[in-house]
Amino acid sequence: MESRYKPGDKIRILQRNQPGHVRTPIYVRGKTGVIERIVGSFPNPETLAYGHSGLPYKMLYRVNFRQGELWPDYEGSPDDTLEIEIYEHWMAPA
Amino acid sequence: MSDHHHHDHDHGHDHGHDHDGKPIQEDALPSIEAQILETSVRELLIEKGIVSADDIRRAIEAMDSRGESLGAKIVVRAWTDPAFKEKLLTRSDDALMEFGIDMRPMELCVVENTEDVHNMVVCTLCSCYPRPILGIPPAWYKRRDYRARAVREPRAVLQEFGTVIPDSQQVRVHDSNADLRYIVLPKRPAGTEDWTSEQLEKLVTRDSMIGVSDVRSLDELVG
């Protein structure tokens, strides 16, 4: 399965208004980060959760965000980051 | 997924009985519907002979009996064997197979503490945790205050665990929200170059592999 993004790519998390089981927490939606690695393809948890097959598989990535980007009033070090797993259909190039 | 069962030992018993000095916050009570659903499915599976009550009891016992020793062995092996460490960081499936662990369909992601980076793990969505290695997560890991605050104010949370990270070191939080499960590979303390694996294993704690503290200091060990 082809991956659209590669490590180092800058991407933005989409603001999808999607009910039901999603694994993209609200705190990263609309934020810009960098692809840390390609994890691989997995069954889609959004449909798997409701007893469907989870097909077609979705590509999963780890994305690195600066904490200052996620939280406007972040109080730690400006170098602090957060890494999280995001599916490809939740991203667009930044 | 085996990761999301509700049949934990502290289920419903961790309200206000935490005496370890960590901040206490009452969570919302577990959903009654979810509890009824879990009980019903479990009883049906037993009634239909798909699993036995003893199968379930044994699976919980196996998970509960995993303390930190397996994780500690993996950490110490990485400290003492550079080829294994490389495998652990890049092909964790193969590295775990050497310890007889198969986590599929989940995959282990090992994040390494360095001079520059201190890593910390949380699952904001639920309580994803490397159970095949570390067993059942501590009650505080599953509570909403940890799960909400670890991503938002990690340094404050770390301080409440007695861990102070200097500003010169980056704090990197990992939200374990999908198919990976995480273990922090703590830094090997200085002054342990001559230590045996057995001695080194005594330094590695569960909390250092979650990332809320570092390994035991040398003078914490007796004998």
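The values are calculated or read from the model by the stated rules, or taken from the named source; none is laboratory data. Worth saying up front: this structure is predicted, and the values here are computed from it rather than measured. Note: areas computed on protein heavy atoms with side chains; ligands, DNA, RNA excluded. Shrake-Rupley method; radii C 1.70, N 1.55, O 1.52, S 1.80 Å.
Before I look further, what does the protein assembly as shown give for accessible area per residue, probe 1.4 Å, in whole square angstrom?
51
Given the protein assembly as shown, what percent of its DSSP beta bridges are antiparallel, to the nearest 5?
Just about 55 percent of them are antiparallel.
Taking the full set of protein chains and a 1.4 angstrom probe, give the accessible area of B:Thr80 in square angstrom, rounded to the nearest 10.
Its accessible surface works out to 60 Å², give or take rounding.
In the structure displayed, which of B:Lys142/B:Lys187; B:Lys87/B:Lys202; B:Lys87/B:Lys187; A:Lys58/B:Lys187; A:Lys6/B:Lys85; A:Lys58/B:Lys48 lie more than 29 Å apart, Cα to Cα?
The pairs that break the limit, which is 29 Å between Cα atoms, are A:Lys58/B:Lys187; A:Lys58/B:Lys48.
Note the angle between two axes, namely the Cα long axis of helix B:53-65 and the longest principal axis of the Cα atoms of chain B, as a number of degrees from 0 to 90, rounded to the nearest 10.
20
Does anyone have the angle between helix B:69-80 and the longest principal axis of chain B? Alpha-carbon axes, 0 to 90°, nearest 10?
Here the helix axis deviates by roughly 30 degrees.
Given axes a ≥ b ≥ c from the Cα gyration tensor, I'd like to know whether the stretch B:78-223 is rounded (a/c under 1.5), prolate (a/b larger than b/c) or oblate.
Details: a/c = 1.65, a/b = 1.10, b/c = 1.51.
It comes out oblate by the Cα gyration axes.
Return the value, in Å² to the nearest 100, of accessible area buried between chains B and A (probe 1.4 Å, both sides summed).
2100
Which of the three applies to the stretch A:15-77, rounded, prolate or oblate, going by the alpha-carbon gyration tensor with a ≥ b ≥ c and a/c under 1.5 meaning rounded?
Oblate, since a/c reaches 1.5 and b/c is not below a/b.
Compactness ratio of the protein assembly as shown: Cα Rg over 2.2 N^0.38 Å, N = residue count?
Ratio of Cα Rg to 2.2 N^0.38 Å: 1.02.
Express the carbon and sulfur contribution to the solvent-accessible surface of the stretch B:39-86 as a percent, rounded to the nearest whole number, probe 1.4 angstrom.
Answer for the stretch B:39-86 is 56 percent, counting heavy atoms of protein chains only.
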